[in-house]
1. Spin-label point model (7 Å from Cα, Cβ direction): what's the residue 41 to residue 27 distance in nm?
2. Which value, in nm² and rounded to one decimal, describes the direction-averaged projected area of the C-alpha convex hull of the stretch 63-115?
3. Which semi-axes, in whole Å and largest first, does the equivalent ellipsoid of the stretch 7-84 have when worked out from the alpha carbon gyration tensor as the square roots of 5 times its eigenvalues?
4. Amide H to amide H, which residues 5 or more places from residue 19 or on other chains are under 5 Å from it, using H placed in the peptide plane?
5. Roughly speaking, what is the stretch gain from residue 88 to residue 419, that is 0.36 nm per residue apart minus the C-alpha to C-alpha distance, in nm to one decimal?
6. In square nanometres and to one decimal, what's the mean projected area of the convex hull around the Cα atoms of the stretch 392-450?
7. Sort largest first and round to whole Å: the equivalent ellipsoid semi-axes of the stretch 311-450, each the square root of five times a Cα gyration tensor eigenvalue.
8. Stretched out fully, how many nm does the piece from residue 376 to residue 61 gain, at 0.36 nm a residue minus the Cα gap?
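Bear in mind that the values in this text are calculations on the coordinates, not laboratory data. Note that the structure is a prediction, hence the values are computed from the model and not measured. Glycine gets a Cβ as well: all are built from the backbone with ideal geometry, and neighbour counts include every protein chain shown.
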Amino acid sequence: MTGDARYRRSELLGAGAFASVWRGHDEELDVAVAVKVLAENWARRPAVRRRFLQEARILRQVSSRHVVRVFDLGEADGLPYLVMTLADQGTLQDLLARGAVPLDEAVGMMRQICAGVGDLHGFGVIHRDLKPANILIATDPDGGRVLLVADLGLAKAATDPTGLTVGGTPGYMAPEQRQPGASVDERTDVYALGAITFHLLTGEPPAERNVSPRRLRPGLPVAVDEVVVRALEPERERRWESAAAFAEALALSAAGGGAGRHWRVRRRLRQVPRSWVYSSLGLVVGAGAATPVLAGLFAPPPSLREGTDIPAAYHDLIIDAGTKCELEGLSPPLIAAMLKAESGFDPRLVDDAKDEYGVARWTPRVLAGYLPPGADAKKAAFDPRIAIPKMGELMCRFGPMVLDVRADPALRLAAVYRTSAGSVRRAGGIAPALRPYMDRVRAYMAGYRP
């Protein structure tokens, strides 16, 4: 770039209405990067400049494995630019030019895309323009393929009280986005995720006339059709409630008829009052195991070793927490090991000196951030049905902030939970004072792996 000697542009990778993206080289660090440059005609408009810089701030702060990262920003020749992750394999749109992809490959891609979108939602941002051209594909250090959500030019805070301008791309844009001033939420992006899945499975973007409950593509399990069609519901109240819920349903439905039925039963179960479910299945603390028939029907996937000291009542809760999101290091054995180290699985634990309570040793003022306004956080800390799944939510929210910290991925998450993401970053890994705790977690985790 003529105005900044550090970043040398070499090849135009793509151009849109607002910006162009170039292959670049960081001369100081000697690494390949992507450089996104705002178009000259738009650079003169303050509102567009602000939106361009807003994108940089969001991408810089989210710090997700599946959201493109911004390393630097600046201005050259009067044009603002962002320095970002280089997607050396192009975009999902490039890949789709070859046609539809196999079901297993499509599900794997959507798990990654949904993880990135979920991380944006956790940060309070709705993307509003998800489409194959905005999904980048990069090669990870192991030679695998990493999908990255990019181009937040239309992104807006989910809590913004003002009406949002019309935006999006036909074929992927939810119906509510066509209404000037209409509000959007996570389910707006879920519609686009369904559209991208439809495109992956059929080789073409969805049109209203194409969407059939059973005929996305011959040979697909009916359950997969149902999951995708629900994501594409015109009424957002009928769609999946989150990117994570859609990804979970898609993966389970693709696993086969039995897995699809298991998923449908579990989804229906969630619509029943929770107190009724737990009391009916004998899953309250201290109760016996469920009957053999119910135990078989609602059994969790084999992700925890059988015959350990993990209370039977906690199995589903631990699996829920350990699979809240796709995050390196997060797993049911980690959650189980932490519960063992934190409380010995004792739901009645009280540590007034540290202000920590219950099986997961929650501090009430911290747990309150994961509960509805006005909820009694101290009471919730003593309820394993709340305390255990919320462990996974905390890790999914703050774990991406320490992905670049050198440490064992699972223990890094345990340190985030025991202290904070900021403390882990300041320590540059696992602080010496935490090592006895981490030794216990590591040992318990080895015993709980299947």
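1. Output for this residue pair reads 3.2 nm.
2. 5.1 nm²
3. On the way: eigenvalues 72, 53, 24 Å².
Listed largest to smallest, the semi-axes of the stretch 7-84 are 19, 16, 11 Å.
4. 39
5. 115.5 nm
6. On the way: hull surface 16.0 nm².
The directionally averaged projection comes out at 4.0 nm².
7. On the way: eigenvalues 90, 59, 44 Å².
The three semi-axes for the stretch 311-450 are 21, 17, 15 Å.
8. Values: separation 315, 0.36 × 315 = 113.40 nm, distance 3.06 nm.
Here the answer is 110.3 nm.
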